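Remarks on the structure that follows.
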Amino acid sequence: MSNPLEISFAPLIDDLAEHGWAIQHVALPVGLTLELAAECRARENKGRLLPAGVGRGAAQGVQQQVRGDHIEWLEAEQSPASAGYLAVLEALRCQLNQALYLGLEDFEGHFALYPPGAFYLKHLDRFRDDDRRSVSVVFYLNPEWLPEQGGALRLYLDAGRELDVYPQAGTLLVFMSADWPHAVLPANRERLSLTGWFRRRG
Ligand code: OGA
Ligand code: MN
């Protein structure tokens, strides 16, 4: 990733402002997308992706009947690909703040791997006691995903409308964290992604 600032997210940001959600296909250079997918698999093979918890603080715990993914939090020092991804998201954060005055202060995110059959029930990306998460950002890492393989992220929009986003490598989905309940539907193959949140000041 030579200069992440060369990526313009203007159409994505316009759509987010208009609808509260937005999708960009082939959002990152293909090379970086492949590196991130390889890194997610390597982390899984080393046993570093662990069953994700539900809730926060003392109430936190693994509940596979709610959420079956395995995750590892992302840090820039972990690899060049991780650093490259975080640099791109930093550019996106700045562009979002400039265009929409969202006051986004930082980003937290993790690799996620859903084994075949795993799912995440309908939920909102906000904790009851912490409303810092403002914009959800999901980047998908799966080459040649077919709709019949399942695994859509289903957004429950207004007026009973549903939007299914398939986890095709290169697809970037952003949405307002407080506004849209969503679920990850089970797939018949492994499903890899990077999921995270831009947060406001506490
Ligand atoms: C989440 C989530 C969506 C996805 O981790 O909160 O909703 O498509 N992930 O992986
Ligand atoms: Mn979510």
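Just so it is clear, none of the values below were taken in a lab; they were calculated from the coordinates. Just so we're clear, the structure is a prediction, and the values are computed from it rather than from any experiment. All Cβ positions, even for glycine, are placed from backbone atoms using ideal geometry, and neighbour counts span all protein chains on display.
For a test of the definition: using alpha carbon positions, the gyration tensor, and the 1.5 limit on a/c, classify the stretch 50-163 as rounded, prolate or oblate. In terms of gyration-tensor shape, rounded. In the chain, taking the dipole from charged Cβ atoms about the Cα centre, the farthest positive-side position among Phe9, Leu124, Gly57 is held by Gly57.
State which helices in the chain qualify, where a helix is a whole DSSP H run, it must extend 15 Å or more along its own axis by its Cα atoms, and its mean Kyte-Doolittle hydropathy must be at least 0.0. List each step's numbers first, then the result.
On the way: long enough: 30-45 (23 Å, -0.04); 80-100 (29 Å, 0.58).
What comes out of the filter, once short or polar helices are dropped, is 80-100.
With each label modelled as a point 7 angstrom along the Cα→C-beta vector, the Gln63-Asp158 pair spans 3.0 nm.
From the square roots a ≥ b ≥ c of the eigenvalues of the alpha-carbon gyration tensor of the chain, which class results: rounded (a/c under 1.5), prolate (a/b over b/c), or oblate?
rounded
The trypsin sites (Lys or Arg not before Pro) of the stretch 1-74 that DSSP puts in a loop, and whose beta carbon has at most 12 other beta carbons within 10 Å, are Lys46, Arg56. A full extension of the chain between Arg201 and Glu144 corresponds to an added length of 16.7 nm, given 0.36 nm per residue minus the alpha carbon distance. Taken about its Cα centre, the chain carries a charge dipole of about 540 debye when Lys and Arg each add +1 at the Cβ and Asp and Glu each add -1 at the Cβ. Compared with the alpha-carbon gap, the fully stretched path from Phe127 to Ala99 is longer by 7.4 nm at 0.36 nm per residue.
At Glu108 and Asp15, where each label point lies 7 Å from the Cα along Cα→Cβ, what is the point-to-point distance in nanometres? The two pseudo-label positions are separated by 2.8 nm. Phi angles across the stretch 185-196 convert, under the Karplus curve 6.51 cos²θ - 1.76 cosθ + 1.60 with θ = phi - 60°, into 3J(HN,Hα) values of 7, x, 10, 9, 9, 4, 10, 10, 7, 10, 10, x Hz, Gly and Pro given as x.
For the stretch 22-29, backbone phi angles converted through the Karplus equation (6.51, -1.76, 1.60; θ = phi - 60°) give residue-by-residue couplings of 7, 10, 10, 8, 6, 6, 10, x Hz, Gly and Pro being listed as x.
With n ≥ 4 as the cut-off for DSSP H runs, can you work out [θ] at 222 nm for the chain, using -39500 (n - 2.57) per run divided by the number of residues, rounded to the nearest 500? Walk me through the numbers before you get to the answer.
Details: 3 runs with 47 residues, N = 202.
Result for the chain, helices only: -7500 deg cm²/dmol.
Rounded, prolate or oblate: pick one for the stretch 33-74, where a ≥ b ≥ c are the square roots of the eigenvalues of its C-alpha gyration tensor, a/c under 1.5 means rounded, and failing that, prolate if a/b is larger than b/c, else oblate. Prolate, since a/c reaches 1.5 and a/b exceeds b/c.
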